[in-house]
Amino acid sequence: MLRFSTAGESHGESLVALLSGLPAGLEIDLEFIDRELWRRQQGFGRGGRMHIEQDRAHILSGVRHGRTIGSPIAVQIENRDWKNWAEALPVGPGDPERHKAVASPRPGHADLAGALKYNFPDARYVLERASARESTARVAAGAFAKLLLRSLGIEIASHVIRVGGAELGREAAWEEIAALRQRGEVVLNCVDAEAEARMKAEVDQVLRTGDSIGGVFEVVIHGLPPGIGSYANWDERLDGLLAWTVMSLQAVKAVEIGRGVTAAQSLGSEVHDAIGYRTEEDSRAPTRFLRERNNAGGVEGGVSNGEDVVVRGYLKPISTLRRPLASVSFATREPTKAAYERSDVCVVPAAGVAAEAMVAFTAAKMVLEKFGGDSAGELKRNYDGYLEQIHRY
Ligand code: EPS
């Protein structure tokens with residue numbers, strides 16, 4: 001079974017991802033993993049921390065001679081900022097004078113609920129683990145899942161379709177979205193230069209006012225064959241699993257598959273994607289069945305239908321504000337301002353990269369459940385056999 005977990009505090013020594021269940025013999029492109037970590041660090045509106053960190057995957061186990069060996073994979077990502085925090089956040093008791101309390105909870109963050117739940121006198125430990133810095137470990141794990149999918153011809157990419165009031169406002173082709181991954185500089189990871197300029201103006205505005213801003217990213221799985229996930233049991237539905245895993249990311253407050261939101265206000269004839277059939281051979285298409293549009297977002301009845309799988313994540317604005325909202329002091333219970341600690345003001349492109357990782361993990365897990373295989377070769381044989389079957393249908 002494919003599974004992963006992460007460990008690490010935002011200002012601790014390292015982040016760690018532990019991934020198990022990948023077949024043996026999968027080629028591991030180390031540059032690709034580091035490039036994914038780099039992509040997560042980019043975007044206009046990131047905070048000063050991104051000038052300190054240079055996230056790199058240090059693989060401790062499970063990969064030898066450039067390939068997986070079927071054993072658990074442990075990956076460590078160093079926090080370069082740790083050297084500035086070693087006394088504030090030591091593993092041992094340390095000097096209490098040097099600890100840094102988060103003295104008043106930030107509305108929208110886990111600070112208050114976390115302090116109450118774990119009976120902490122302030123929100124330091126809550127901030128450290130609830131921080132979206134954790135998503136760097138998810139991106140490392142997700143990069144392995146992407147490499148597995150890539151070995152079967154399945155690709156994943158994301159783009160930003162809204163920042164605050166500025167939206168892309170048109171469909172983006174897969175080729176446009178995939179091309180964004182090659183960019184040497186990431187502004188807001190939008191396929192359209194004019195829309196990206198409007199998005200950047202929104203971020204500029206909040207940088208000036210000390211506020212923060214959210215938006216919407218879209219993740220696309222390209223090349224996933226029909227038949228991944230199942231309608232037969234609630235916990236095997238692909239859309240349900242995507243919703244869960246993407247929603248589990250920090251600051252994601254809603255997840256949409258295809259045109260799920262507007263579908264609720266449209267007629268059936270406007271929503272559902274009519275089906276056609278091509279009699280001639282096209283070896284690139286997964287099946288001979290055709291759709292003129294993809295409102296379903298590639299999932300019908302909890303099962304992939306061979307179209308691109310389209311998952312949107314709606315991100316609330318970052319809850320650390322330079323111009324803080326009202327809060328209450330943990331120490332005195334008196335009214336005060338919410339704590340402010342260096343942060344980002346817009347992370348929509350980065351959240352899109354983290355969501356790619358969660359989508360890749362989910363897709364890889366379901367692919368492995370359907371096709372099995374303890375080695376990459378066994379998986380590929382099973383997979384190719386199925387492709388042949390549906391191609392003939
Ligand atoms: C970070 C995400 C944000 C950053 C963090 C690095 O985390 P949070 O969810 O806590 O706002 O602000 O950096 C810092 C905490 C810092 O010291 O600047 C990330 O994605 O790496």
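The values are calculated or read from the model by the stated rules, or taken from the named source; none is laboratory data. Please read all numbers here as calculations on a predicted model, not as lab measurements. All Cβ positions, glycine included, derive from the backbone under ideal geometry; neighbour counts span all protein chains shown. Side chains included, ligands, DNA and RNA excluded: accessible areas come from the protein's heavy atoms. Shrake-Rupley method; radii C 1.70, N 1.55, O 1.52, S 1.80 Å.
Do any helices (runs of 4 or more DSSP H) entirely within segment 215-275 hold 2 or more residues that are farther than 22 Å from Ala141 by Cβ, and if so, which?
Ranges flagged: 260-263, 268-271.
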Based on what the data block shows, is Ala101 hydrophobic (A, V, I, L, M, F, W, C) and out of contact with any Leu (no Cβ under 9 Å at 6 or more places or on another chain)? yes
Looking only at segment 375-384, decide whether some residue is surrounded by fewer than 22 Cβ atoms within 10 Å (Cβ to Cβ) and within 16 Å of the ligand (Cβ to nearest atom). no
Checklist (1) farther than 19 Å from Lys253 by Cα; (2) more than 16 Å from the ligand (Cβ to nearest atom); (3) not β-branched (Val, Ile, Thr) applied to Ala339, failing item: (2)
Restrict the check to segment 203-211 and report whether at least one residue is of a type in the set (Ser, Thr, Tyr) and in contact with a Phe, Trp or Tyr (Cβ under 9 Å, 6 or more places away or on another chain). no
Quick one: which residue in Lys83, Lys117, Lys100 is in a loop (DSSP other than H, G, I, E, B) and open to solvent by 60 Å² or more (accessible area, probe 1.4 Å)? Lys100
Take the residues of segment 272-288 that are farther than 9 Å from His391 by Cβ and small (Gly, Ala, Ser): which is most open to solvent (accessible area, probe 1.4 Å)? Ala274
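Being within 30 Å of Arg323 (Cα to Cα) and either of a type in the set (A, V, I, L, M) or open to solvent by less than 10 Å² (accessible area, probe 1.4 Å) (or both) narrows it down to one residue among Ala140, Ala132; which is it?
Ala132
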Quick check on segment 41-59. Is at least one of its residues more than 14 Å from the ligand (Cβ to nearest atom), farther than 25 Å from Leu188 by Cα and buried (at least 19 other Cβ atoms within 10 Å of the Cβ)? no
Considering segment 1-20 alone, what residues qualify as being surrounded by 18 or more Cβ atoms within 10 Å (Cβ to Cβ) and away from the ligand (no atom under 16 Å from the Cβ)? Leu2, Phe4, Leu18, Leu19
Being out of contact with any strand residue (DSSP E or B) (no Cβ under 9 Å at 6 or more places or on another chain) and either within 11 Å of the ligand (Cβ to nearest atom) or among the β-branched types (Val, Ile, Thr) (or both) is true for just one of Val126, Val63, Val75. Which residue is that? Val126
Quick one: would you say Val75 is open to solvent by less than 30 Å² (accessible area, probe 1.4 Å) and either in contact with a helix residue (DSSP H, G or I) (Cβ under 7 Å, 6 or more places away or on another chain) or more than 24 Å from Leu188 (Cα to Cα) (or both)? yes
Among (1) surrounded by fewer than 16 Cβ atoms within 10 Å (Cβ to Cβ); (2) farther than 20 Å from Leu127 by Cα, which single condition is Thr362 missing? (1)
Spot the failing condition for His109; the list is (1) open to solvent by 20 Å² or more (accessible area, probe 1.4 Å); (2) away from the ligand (no atom under 11 Å from the Cβ); (3) in contact (Cβ under 8 Å) with a residue 60 or more places away in the chain, and only one is missed. (2)
Of a type in the set (Gly, Ala, Ser), more than 30 Å from Gly62 (Cα to Cα) and free of Cβ contacts under 8 Å to residues at least 40 places away in the same chain: is that true of Ala339 in this structure? no
Given the residues Glu31, Glu53, Glu36, Glu87, which is the only one that is acidic (Asp, Glu) and over 27 Å from Phe217 (Cβ atoms)? Glu87
